[in-house]
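A short reminder: the numbers here are calculations on the coordinates, not readings from a lab. No experiment lies behind these values; they were computed from the predicted model shown. Positions of Cβ are backbone-derived with ideal geometry, glycine not excepted, and every protein chain shown enters the neighbour counts.
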Amino acid sequence: MTTTIDRVENPTVDEFRENYLSKEKPVIITGVVKHWPAYGKWNPEYLEKTYADRMLPITAITDGDYCSALTKELSVRDYMSYLNEGHKSNTKYYLAEQPVKDHLPELQDDMIIPTYFDEREGGAHSVFYIGKDNFSQLHYHEFGSAVCSILYGEKNFRLFPPSESKYLYKYPFNTPLSNMSKTTSLEPDRDEFPLYYKAKYIDIALKEGEMLFIPVYWWHSIRNFDLNIATVTFWGRDIWYRHPPPALWIDYLYQFIRGIPSLTKTLPKRISNQFKKIMS
Ligand SMILES: O=C(O)CCC(=O)C(=O)O
């Protein structure tokens with residue numbers, strides 16, 4: 001079942017915090033990214049011309065399964081030709097989730113970190129994505145909020161509220177993939193994943209110059225059709241950010257209980273280190 005999302009032009013920090021951040025409600029923000037130096041500058045020709053020989057880690061995703069993806073190094077030139085040529089293979093190359101400051105630090109100042117969030121939300125870091133004709137597997141962020149900003153082209157998001165978690169075939173909590181769904185497409189097999197088709201979702205075509213606020217615990221998967229360039233800025237801390245939504249409580253309780261044995265092993269050492277520090 002599809003639901004809708006607000007599209008708001010340049011909201012003030014107070015409007016954003018009151019209407020969206022505090023309610024953990026996604027929104028499309030317009031009129032902000034268009035003022036970044038990156039807007040109108042970051043495009044495939046510019047990147048290829050300026051950084052042709054720069055090597056980038058490219059993720060190779062087979063059959064939409066992000067969880068078992070491999071990484072290989074390609075130059076900007078080779079990656080752009082791969083995208084331009086168009087390939088029919090089940091393995092798709094994707095420049096995904098790479099820190100801008102590590103790979104193209106010259107571009108770091110072209111982005112403006114929005115002031116909607118502050119240090120209570122944790123530190124911010126930005127990564128970039130350049131892709132075409134591929135899919136990013138359904139997942140949520142448990143450590144904080146994120147915004148996705150489109151500098152070139154268009155990206156298609158499917159967002160599911162946290163309340164729909166029961167339909168989304170989450171990997172179990174005792175695995176490193178516990179924030180991911182086992183589904184690997186927008187239309188997973190109906191016999192294998194029947195509940196998926198009961199979930200409410202929002203489909204969004206996020207356009208050039210727009211920014212999407214993705215609240216903590218909201219599930220999202222992404223379909224890229226034509227070539228696009230985007231950044232995602234994450235805020236977060238290394239600990240759980242807000243209490244998990246009721247739909248995930250049982251899973252989180254299970255994870256907590258499983259963690260107790262390792263906590264009892266490390267706790268005495270931590271206390272004794274602290275004690276030594278105080279006494280020295
Ligand atoms: O754009 C993508 O492919 C993935 C973005 C994403 O999943 C995220 O922002 O967490």
Exceeding the 22 Å Cα-Cα cut-off - candidates Lys132/Lys166; Lys101/Lys182; Lys132/Lys207; Lys23/Lys132: Lys132/Lys166; Lys101/Lys182; Lys23/Lys132
For the range 88-102 versus the range 1-69, the gap between their alpha-carbon centres in whole angstrom: 15 Å
Alpha-carbon Debye profile of the chain, log10 I(q)/I(0) at 0.10, 0.15 Å⁻¹: -0.58, -1.21
Alpha-carbon centroid distance for the pair the range 172-215 / the range 128-159, whole angstrom: 11 Å
Top positive-direction residue, dipole computed over the range 18-134 with Cβ charges, set Gly131, Ser22, Tyr116: Gly131
5 angstrom amide H check on Tyr66, placed H, neighbours 5+ away: Gln137
Shape of the range 92-146, Cα gyration tensor, a/c cut at 1.5: oblate
Ranked by how many other beta carbons lie within 10 Å on average, peptides 10-16, 211-217 from highest: 211-217, 10-16
Dipole in debye (nearest 20) - the range 6-279, about Cα centre, beta carbon charges: Lys, Arg +1; Asp, Glu -1: 1160 debye
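Per DSSP H run of n ≥ 4, the term is -39500 (n - 2.57); total these for the chain, divide by its residue number, and report the mean residue ellipticity at 222 nm rounded to 500 deg cm²/dmol. Numbers along the way, then the final one.
On the way: 5 runs with 60 residues, N = 280.
Value at 222 nm, helices only, nearest 500: -6500 deg cm²/dmol.
Quick one: work out the % antiparallel among DSSP beta bridges in the chain, nearest 5. Intermediate values should be presented prior to the final figure.
Values: 53 of 58 bridges.
Antiparallel bridges make up about 90 percent of those DSSP assigns within the chain.
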